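First comes the structure, then the notes that go with it.
Just so you know, all these numbers are worked out from the coordinates, no wet-lab data involved. Bear in mind the structure is a predicted one, so any value in this text is a computation, not a measurement. Cβ sites come from the backbone with ideal geometry, for glycine too, and all protein chains shown count toward neighbours.
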Amino acid sequence: MIAWTPPIVDLPEGRRYRAKEMAISSPIGRVTASAGGRVPALDTSLRNSYDVLFAAYGPQHWWPGRTAFEIVVGAILTQNTSWSNVEIAMRNLRREKLLTPRAIERVSLPRLAQLIRSSGYFRQKAKKLKCFVRFVRSEYGGSLHRMFRVPTAALRERLLAVHGIGPETADAILLYAGKHPVFVVDAYTRRMLERHGLAEPTHSYEEIRQVFERSLPSDAPLYNEFHALIVRNGKEYCRTSNPGCSECPLHSLLPQTMQVSL
Ligand code: SF4
């Protein structure tokens, strides 16, 4: 287990946690592996990782989007593609004044698909956007504000029932558009944890999400920042192939045994 020195975890906008404020009721942060699997401890390692990444990169100011609805659209369009492709689609939608639920509902499906073509899987994604805005209108009178007033667990369940919204998209919507304290687990998160021996490929999305949420204070700005930092580090160092471990800020937290294999 890596020793945890008592740091000050800085958050943007004057929000700060001291180590004691990050202590939560025990037992904390464990991925409960399925029968026969090992059970790696994550608690202090996650907190150390946050401290190191924040010290290295500072606040990331996520998520790019001018309104909650733009963030929702971005969360759907970024499925299986890079953000640069999404940006082109977002620019098209903005130019056509389509970045409101009502406008997306009114525009024809083929036209919408054409405008978001750069994001890939554009026909499916156009349908997903249509399904989402229909859901918001039928359940919340078209108001995202009303939607986000629903308690986190209940809203998460409802979002997951909408066509085209899986766990990662639902959680990005909840966290970045709705400021609900839900941790977003993406490929960067999983890769980092697995390479540090803190998770295994058999661990489900839910298991990893819950371990973050049990190990850290329930705080949307903290989850926002931590996820953004993991993505930043993943892009710069923790690449799919040839990870730059020797230069990476998290190198000191990489277990010796894992250093050999990477
Ligand atoms: S690049 Fe190496 S040290 Fe950095 S997060 Fe990935 S596995 Fe860890």
How many nm is it between the label spots at SER204 and ARG95, if each spot is 7 Å from the Cα in line with the beta carbon? 4.4
Förster radius 35 Å - calculated FRET efficiency between SER138 and ARG239 (Cβ-Cβ, nearest 0.05): 0.25
When a footprinting reagent is the concern and you count Cβ atoms within 10 Å, what order do VAL162, VAL133 take, fewest first? VAL162, VAL133
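Rank the residues LEU159, LEU77, LEU254 as a footprinting-exposure proxy: fewest other Cβ atoms within 10 Å of their Cβ go first.
Listed from fewest to most nearby Cβ atoms, that is LEU254, LEU159, LEU77.
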Put a dot 7 Å past each Cα toward the Cβ at SER108 and HIS251; how far apart are the dots in nm? 5.8
Any idea which of HIS196, SER218, SER246 is furthest toward the positive side of the dipole for the range 191-262, if Lys and Arg beta-carbons carry +1 and Asp and Glu beta-carbons -1? SER246
FRET efficiency estimate (nearest 0.05) - Cβ-Cβ, ILE88 to ARG149, R0 22 angstrom: 0.10
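Under the 0.36 nm per residue contour assumption, what length would be gained going from the current alpha-carbon distance of GLU213 and ARG158 to full extension?
Gain on extension, GLU213 to ARG158, equals 17.8 nm.
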